[in-house]
Amino acid sequence: MPAVEPPRTAWDFPPPVHWPPDHDLVAVGADLEPGTLLTAYRSGLFPMPAPRGGVAWWSPVQRGVLPLGGLRVSRSLRKSCRRFEIRVDTAFAEVVEACGDPRRADGWIDDDVRAAYARLHQLGWAHSVEAWRDGRLAGALYGVAIGGLFAGESMFHRETDASKAALVGLVERLSDEHAGSRLLDTQWATDHLVSLGVVELPRPVYLERLAEALALPLPAAFAGQST
């Protein structure tokens, strides 16, 4: 069934012309209601905790993006992928819980974030891509799918290469006739993500690509829940 469009947000985000040109932090405040989150993603923003508490809205000056044709899959990773069964949305709550494990360094996924993305998932906008082995969740990622945008939020692994296998599975599911215009957003380009093929786009270029991506239909893997 199509995703349910939530009530509009009560908050106004500043337009890009007013964003600081040399800083990733754009705004502080608002809430994590579904309408607020969707407005943010459609505007090129995503939430993370503010440095001094509360919700902050970020748009990196240099945005991490994984070109669907640029994923680097080594021979050993390709071999590892054969060990896992890739599923979509069969354990969303468990995935978010594992991504928010407080033992992880620099963890930011708290109870409020878990609840917010659970609501988005129930409405059909947030999705998990999971790597299973022998009936056990070995690793996964989750994010938000709107049209041709997949905004990756977090990933985890319990077995070697499991989260990478989930990423390979995601790229495969995004790689259709619209693959050249789809946008797989990783927020920042960490060294680990760069090793997998992530590149940086200047913020204005990202926003142009985002507008193009949002006009696309969802890939089939997510179209059962979202539009």
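At full extension, Val17 and Glu159 could sit 46.7 nm farther apart than now, given 0.36 nm per residue minus the alpha carbon distance.
Determine the sum of side-chain charges near Val65: Lys and Arg each +1, Asp and Glu each -1, restricted to other residues whose C-beta is under 11 angstrom from that of Val65. Could you put the intermediate results ahead of the total?
On the way: positive: Arg63, Arg182, Arg209; negative: Asp185, Glu200.
Net charge around Val65: +1.
Remark: C-alpha extents of the chain on the principal axes read 47, 37, 34 Å, sorted largest to smallest.
Determine the gain in length on full extension of the stretch Arg136-Ala50; use 0.36 nm per residue of separation and subtract their C-alpha separation, reporting nm with one decimal. Mind dumping the intermediate values first?
Values: separation 86, 0.36 × 86 = 30.96 nm, distance 3.48 nm.
Extra length available between Arg136 and Ala50 comes to 27.5 nm.
Helices of the chain meeting both criteria, an alpha-carbon length of 15 angstrom or more along the long axis and an average Kyte-Doolittle score not below 0.5, with helices taken as full DSSP H segments, are 162-174. Please work out the FRET efficiency for the pair Asp176 and Ala93, using the Cβ-Cβ distance as r and a Förster radius of 45 Å; give the result to the nearest 0.05. My answer for the efficiency is 0.95.
For Ala211 and Val61, calculate 0.36 nm times their separation in residues minus their Cα-Cα distance, and state this gained length in nm to one decimal. Let's see the in-between values first.
Details: separation 150, 0.36 × 150 = 54.00 nm, distance 1.70 nm.
Gain on extension, Ala211 to Val61, equals 52.3 nm.
Phi angles across region 76-86 convert, under the Karplus curve 6.51 cos²θ - 1.76 cosθ + 1.60 with θ = phi - 60°, into 3J(HN,Hα) values of 5, 5, 4, 5, 4, 4, 5, 7, 10, 9, 9 Hz, Gly and Pro given as x.
Under a 10 Å cutoff between Cα atoms, tell me which one of Asp89, Asp31, Asp191 has the largest fluctuation in the Gaussian network model of the chain. Its mean-square fluctuation being the largest, the pick is Asp191.
Global dimensions of region 16-60 from alpha-carbon coordinates: Rg and Dmax equal 10.0, 29 Å.
Given a Förster radius of 41 Å and the C-beta distance between Ala10 and Arg78 as r, what FRET efficiency does 1/(1 + (r/R0)^6) yield to the nearest 0.05?
Values: r = 48 Å, r/R0 = 1.16.
Result of the calculation: an efficiency of 0.30.
How much net charge surrounds Ala115 when only the other residues with a Cβ under 13 Å from the Cβ of Ala115 are counted, with Lys and Arg +1 and Asp and Glu -1? Can you show the working numbers first?
Details: positive: Arg114, Arg119; negative: Asp31, Glu33, Glu97, Asp110, Asp111, Asp112.
Surrounding charge for Ala115 is -4.
Read the figures in this text as sums done on the coordinates, not as results from a lab. All of these numbers come straight from a predicted model, not from anything done at the bench. Here the Cβ is made from the backbone with ideal geometry for all residues, glycine too, and neighbour counts use every protein chain on show.
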